[in-house]
Amino acid sequence: MSAIYDLGVKRIVSYKLGPSNNNQLVFKTFNQAIEKVENTKGILFHSDRGFQYTSKTFKHMLDECGMIQSMSRVSKCIDNGPMEGVWGTIKSEIFRGNKHFKFNSVEEATKTIHDFILFFNHERITLKMADSV
């Protein structure tokens, strides 16, 4: 799974599922995200130092959009805390602490993740939502 989380609106703005978290999956996720934005110039894109984000192709994609690349320091996952928190939430709320949890099919996994992201983006209570009530 590849996902992009918008820290400003506290939502997962794009995600893609695939058998491998390779360059193509990340590039498709990125393209899906930028289709939703009118003006990408000056947007800060922060990521970990995965090979997908350090590739020349990805750097070129950011440059083409006028985006600024930001990456975590080496071995400092805390620098990518918001996204790490999203991954932790997905894992803990879908798997509910069951280390041996397995989906019965790819279709079940896809539907479960899709439904959870809809819930995460629109129904799950966050501190930001509490401020707007």
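Based on this model, can you work out whether Ile90 counts as out of contact with any strand residue (DSSP E or B) (no Cβ under 7 Å at 6 or more places or on another chain), surrounded by 11 or more Cβ atoms within 10 Å (Cβ to Cβ), among the β-branched types (Val, Ile, Thr) and at pLDDT below 90? Yes: the conditions hold for Ile90. Might you check whether a residue that is loosely packed, with under 11 Cβ neighbours inside 10 Å, in a helix (DSSP H, G or I) and either under 18 Å from the mean Cα position of the chain (by Cα) or of a type outside the set (A, V, I, L, M, F, W, C) (or both) occurs anywhere in the stretch 94-106? The answer is no; no qualifying residue exists. Just to be sure before I move on: is Phe58 crowded, with 16+ Cβ neighbours inside 10 Å and more than 16 Å from Met1 (Cα to Cα) in the structure I sent? Judged against the criteria, Phe58 is a match. Among the residues of this structure, Tyr15 counts as one that is at negative phi, touching a residue at least 40 places away in the same chain (Cβ under 8 Å) and surrounded by 16 or more Cβ atoms within 10 Å (Cβ to Cβ). For Val37, the conditions (1) without any contact (Cβ under 8 Å) to a residue 40 or more places away in the chain; (2) part of a helix (DSSP H, G or I); (3) among the β-branched types (Val, Ile, Thr) are fulfilled apart from (2).
Figure legend. Inter-residue proximity from the stretch 110-133: first residues part of a helix (DSSP H, G or I) and modelled with pLDDT of 90 or more, second residues among the basic types (Lys, Arg) and surrounded by 10 or more Cβ atoms within 10 Å (Cβ to Cβ), beta-carbon distance below 8 Å, spacing 6+ or different chains. Indicated pairs: Phe120/Arg11; Asn121/Arg11. Return a yes/no flag: does the stretch 47-56 have any residue that is within 17 Å of Ile113 (Cα to Cα), in a strand (DSSP E or B) and either in contact with a Ser or Thr (Cβ under 8 Å, 6 or more places away or on another chain) or among the β-branched types (Val, Ile, Thr) (or both). No, the stretch 47-56 contains no residue that is within 17 Å of Ile113 (Cα to Cα), in a strand (DSSP E or B) and either in contact with a Ser or Thr (Cβ under 8 Å, 6 or more places away or on another chain) or among the β-branched types (Val, Ile, Thr) (or both).
The values are calculated or read from the model by the stated rules, or taken from the named source; none is laboratory data. All values derive from a computational prediction rather than experimental measurement. So basically every Cβ, Gly included, is an ideal-geometry build from the backbone, and we count neighbours across all protein chains shown.
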